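One structure is given below, encoded as structure tokens.
Every number here is computed from the coordinates shown, using simple stated rules; none is lab data. Only a predicted model underlies this, so the values are computations on that prediction, with no experimental measurement involved. As a convention, Cβ positions derive from the backbone with ideal geometry for all residues, glycine included, and neighbour counts pool all protein chains shown.
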Amino acid sequence: MTDPELIARILGALTGVVGVAVCLGYGLWRFLALALSAAWAAFRTDPPGGTDPRITPYTGPEPARPAYWAGQMWLDARFAGQAAALTVWYLLTRHWLGLVVRRRLLRGRNGQTGELADNGFGRLLLRLLAPGTALAALLSALLASVLLAGVALFFAVEIVLVALAALAATLAGRGAERLWKLALGIRMKCPYPGCYRPFPLAVHLCPACGAAHRELRPGAFGALRHVCRCGKALPSTLMTGRRALTARCPHCDRNLPPAVGTTRVVHLPLIGGTSAGKTMLLAAVLDGLRSWSHESRLTVEYASPDDLREANALGQELNRTGWTLKTQGGQPRALMLLVGHGRRRRLLYLYDPMGESFRDADTTRGQGYLAHADGVLLVTDVLAAPVVRRALHAGDTERAQAARPADLGPVETYAGFTGELQGLGGRRGRLPVATVVTKRDALDRLDSLPRPAEPVEAWLAEIGLDELVRALGHDFAAARYWVVSAHAATGAGALDSERRRAAEPVLWLLSRTGLRVGGLVRDRRERPDAPVRADPRTHPDPRDRPDTEGTEGTQDAQVGHGEERSNTP
Ligand SMILES: [Zn+2]
Ligand SMILES: [Zn+2]
């Protein structure tokens, strides 16, 4: 035998050659292929929502599945990484070193088939191959790990990019919605008594299963659509169709009109004493708006079937009895109308609280909607004013009594609520007030008083209510006056002109929110058959300050004044 050092060298070189050759020719690719296919299998978490143990079911309150990118994607990526690493480890230790090298080659068996070699030379050769094979396995595992780490890094960057894109879509969706609402002046508020609370996002119902989605906006449940737990995809922004879903108030869980999230809401409370004629006026306003819609571009529709039902009930009662019942209950539900002109629309909330609501500060404070009021419709029954009652002669007193005067004079009613409006909203100085003197038909029959004439504020001053006119002019950003016979405007034989006059205060208040309806009433004034103005000598202008804030300027300052006196039915 020769030099043992030479033998060692030859064996060493053989081991090295075998190791590199087996690694590059077979082992490395085997390692890579198996590790990658294991990682790929880990990403296929199917079926979606099934019983795959890798899917952690979402157990929160929202009836939707969290977006893939917000949760499961990261879990899947982790599973894939683990699967690849485990595969490499298993191949190296169990398969190559454990099975092929130790149990087969070192025992003189074929590494692939496990068959024992036929003769001693063959067995020796196989044993000599064992170290080279072990080296190949180690090299393959090492190189595969380096390459797999590179692939993992690449994928990590990819999924971070996916997550960032989804996040950007979410933020863009939310931002666009916010801007849209800001531009249209949409602030959602509940129209129902006992609630009246504002909310940023309504509860939306899944049209397929009725589940209540409280988070239906771009977010962790999806950027542009959420998938309900029933499998139905729901649009998650206003722009992509969320408005078509049934919406509810998140505080009191009552149904909201469909337009609540898409249209600017205008809150108008009718303020007046019990029996001042608020509900009659409300009925006249509804008729008047309808009448306007027939002959102009004004569009009027009820915001929900409930509103239509309520308005019909009101109309039927008027037709039957000629009167409306005293408003009942503690807090009013807003009657909701969609009023549009051109491309603009407003969701009008008309509140008709019972007169007693404004008797004292406590009950007034319960009228939470006052805090959101965009204007005030002050319903004034001058026959309830002590100063007017004192001026009535015999005969007129009975006639006035027959008109069911309010329990509280207009000055007292106003005093009762105005402090609270200031306290609730702190915004009275920015609001307009439309004062409507009701029961014109009764006033026309009285001989002791000057007949109601234009301008109404001057007539009010003349009959002793200058204090009210002064207070309104001082307290509000703008004040205007109308005198209306709700009797002549409603029921059978109603006068169209009186109807439209009854709606004018509401149109004027709407025009101050940017709805271009001020022109409607102005047009009427400019028509040739319009108003005979009252004698200016007896009517010094009592307005304390000019109205400069209205979107229509001062041109329609006299809106509604001066149509010829209505006949009483
Ligand atoms: Zn559903
Ligand atoms: Zn509510």
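Which distance in nm do the two modelled labels at Ala163 and Leu24 give, with both placed 7 Å along the Cα-to-Cβ direction?
With each label point 7 Å from Cα toward Cβ, the separation is 3.9 nm.
Pull out the extension gain between Arg390 and Leu143, defined as 0.36 nm times the separation in residues minus the alpha carbon to alpha carbon distance; nm, one decimal.
On the way: separation 247, 0.36 × 247 = 88.92 nm, distance 10.75 nm.
Using 0.36 nm per residue and subtracting the Cα-Cα distance, I get 78.2 nm.
Which semi-axes, in whole Å and largest first, does the equivalent ellipsoid of segment 69-149 have when worked out from the alpha carbon gyration tensor as the square roots of 5 times its eigenvalues?
Values: eigenvalues 267, 28, 9 Å².
Three semi-axes, in Å: 37, 12, 7.
Expressed as a rounded percentage, what relative contact order does segment 4-181 have, with Cα pairs under 8 Å and six or more residues apart? Provide the component values of the computation, followed by the final result.
Details: 152 pairs, mean separation 58.4, N = 178.
So the answer I get is 33 percent.
To the nearest µm²/s, what D does Stokes-Einstein give for segment 4-181 at 10 °C and 1.306 mPa s, using the Kirkwood radius over alpha carbon pairs as Rh?
Numbers: Rh = 19.8 Å.
Rounded to a whole number, D works out at 80 µm²/s.
If you take the alpha carbon radius of gyration of segment 124-185 and divide it by 2.2 N^0.38 Å, what ratio comes out, to two decimals?
Numbers: Rg = 26.5 Å, N = 62, 2.2 N^0.38 = 10.6 Å.
Taking N as the residue count of segment 124-185, the ratio is 2.51.
On a full-extension model of 0.36 nm per residue, what is the gain between Leu128 and Arg254, subtracting their alpha-carbon distance, rounded to one decimal in nm? Each step should come with its number before you reach the end.
On the way: separation 126, 0.36 × 126 = 45.36 nm, distance 8.38 nm.
Gain in length upon complete extension: 37.0 nm.
Cut-off is 10 Å between beta-carbons; in what order do Tyr196, Tyr90, Tyr26 appear when sorted fewest neighbours first? Don't skip to the end; give the middle numbers.
Values: Tyr196 24, Tyr90 15, Tyr26 12.
Ranked by crowding around the Cβ, least crowded first: Tyr26, Tyr90, Tyr196.
Along the Cα-to-C-beta direction of Arg427, a point sits 7 Å from the Cα; which residues of segment 260-298 have their amide N less than 11 Å from that point?
It comes to 265-268, nothing else.
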